[in-house]
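The values are calculated or read from the model by the stated rules, or taken from the named source; none is laboratory data. As the structure is a computational prediction, the values presented were derived from the model and not from experiment. Neighbour counts run over all protein chains shown; Cβ positions are idealised from the backbone, glycine included. Protein only, heavy atoms only, side chains kept; ligands, DNA and RNA dropped before computing areas. Shrake-Rupley method; radii C 1.70, N 1.55, O 1.52, S 1.80 Å.
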Amino acid sequence: MLVQGCGMFTAVDPLPPAFSKLEVIDIKRNEITVSGTISNPDSKNDRQEKKSGNIREYGLVYGTAPALDVQKDKVIKLGETPAQTPISIQNQKIGSLAADTRYFVALYARNEGGGMAYSETVEVKTTVSPAISVTRTSVKITGSGGSGYDLDAGNVVAASDPKADVTMDLFTITGRGTTLSIAPTGKLQMKNLGVIDYGKLAYLDLALMTDLSTANIGYLVNAQTANTVIAFKTGEGRIGKWRIEAAAANELTISLVTYDN
């Protein structure tokens, strides 16, 4: 009993904060999004828990070298003395990054007794978005049978022109209405994305699409299908987005963004 009682007065070492695995949620050209959890250490007894103390500061640290340090690398301080633990860091964005650059990211936290601690470091490379080859905003083009369109240059061309990526036709089906038919020529691949937010469809979204095909696209032209968006990859290897804003009297109103290879 005496030996056991003396053990109660031996020194205990404080423990640093603990972390979950840091998860990369999204990678963009100039931004990374991560999630993770910070918690108190798994103390062996009340004395060790008390000596480790509460978390006093926490956040993210990142840089271009793997040996991260809050004293020399960039820090996003997320808080001090949280009301409760564990601390959930959800979809935290790290912005103003350089494109096509390798970064290292970790969570950090400091408690009263255990000092500064870091989570597992993750390695991430930002994407590179090529320059825009051509852009068109709400322009009118011919949509009659036999007309072609060059998505690489954003120009109306003859359907027989080797530069034509698609042919377009507007026709009426009795009892149904006006139908727009878009047929790929050459090696063009495309996908009807329906009515979506054209402005928020980024280069990376297009680059990650794996289900483009050489199938024709056709749909009824009405108020519900206005601003239909089509993703594409041309035979020359350029990808882009094409919005059909309106169609009437053999004329289409379109917007277009095509990226360089």
| task | Filter the range 71-118 for residues that are of a type in the set (D, E, K, R) and without any contact (Cβ under 8 Å) to a residue 24 or more places away in the chain and give the result. | result | Lys72, Asp73, Lys74, Lys77
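So that you can scan it fast, the table gives a plain yes or no per residue for (1) in a strand (DSSP E or B); (2) without any contact (Cβ under 8 Å) to a residue 40 or more places away in the chain; (3) surrounded by fewer than 17 Cβ atoms within 10 Å (Cβ to Cβ):
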residue	(1), (2), (3)
Ala223	no, yes, yes
Phe232	yes, no, no
Gly237	no, yes, yes
Arg243	yes, no, no
Ala246	yes, yes, yes
Ile254	yes, no, no
Val257	yes, no, no
| message | Out of the residues in the range 107-133 meeting the condition of being hydroxyl-bearing (Ser, Thr, Tyr), assigned to a strand (DSSP E or B) and open to solvent by 40 Å² or more (accessible area, probe 1.4 Å), tell me which one is farthest from Tyr198 (Cα to Cα). | response | Tyr118
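Looking only at residues that are crowded, with 18+ Cβ neighbours inside 10 Å, among the hydrophobic types (A, V, I, L, M, F, W, C) and more than 17 Å from Ser39 (Cα to Cα) in the range 95-106, which one is modelled with the highest pLDDT? Give the steps one after another, and end with the answer.
Within the range 95-106, the subset crowded, with 18+ Cβ neighbours inside 10 Å is 97, 103, 105-106.
From the residues that got through so far, the ones that are among the hydrophobic types (A, V, I, L, M, F, W, C) too are 97, 105-106.
Going one step further and asking which of them are more than 17 Å from Ser39 (Cα to Cα), we end up with 97, 105.
Details: Leu97: 93, Val105: 98.
That would be Val105.
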| request: Would you please list the contacts, defined by Cβ atoms under 7 Å and residues six or more apart or on different chains, that run from a residue in the range 134-158 that is closer than 20 Å to Ile239 by Cβ to a residue that is of a type in the set (S, T, N, Q) and open to solvent by less than 10 Å² (accessible area, probe 1.4 Å)? | output: Val134/Thr258; Arg136/Ser255; Thr137/Ser255; Leu151/Thr234; Leu151/Thr258; Asp152/Thr234; Asp152/Thr258; Gly154/Thr258
| query | Within the range 210-221, can you find the residues that are open to solvent by less than 50 Å² (accessible area, probe 1.4 Å) and part of a loop (DSSP other than H, G, I, E, B)? | reply | Leu212, Val221
| task | Please verify whether the range 167-181 includes one or more residues that are on the phi < 0 side of the Ramachandran plot, surrounded by 13 or more Cβ atoms within 10 Å (Cβ to Cβ) and in contact with a helix residue (DSSP H, G or I) (Cβ under 8 Å, 6 or more places away or on another chain). | result | no
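Kindly evaluate Val61 against the criterion of being assigned to a strand (DSSP E or B), in contact with an Asp or Glu (Cβ under 7 Å, 6 or more places away or on another chain) and open to solvent by less than 50 Å² (accessible area, probe 1.4 Å).
Spelling it out, Val61 is indeed assigned to a strand (DSSP E or B), in contact with an Asp or Glu (Cβ under 7 Å, 6 or more places away or on another chain) and open to solvent by less than 50 Å² (accessible area, probe 1.4 Å).
Which of the following residues is open to solvent by less than 20 Å² (accessible area, probe 1.4 Å) and under 29 Å from Ser255 (Cα atoms): Gly79, Gly143?
Going through Gly79, Gly143 in turn, the sole match is Gly143.
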| Condition test on Val12, is it within 32 Å of the chain's Cα centre (by Cα) and either surrounded by 15 or more Cβ atoms within 10 Å (Cβ to Cβ) or in a strand (DSSP E or B) (or both)? | no
| remark: Only unsatisfied item for Arg136, checking (1) open to solvent by less than 50 Å² (accessible area, probe 1.4 Å); (2) within 21 Å of Ala249 (Cα to Cα); (3) not aromatic (Phe, Trp, Tyr), is (1)
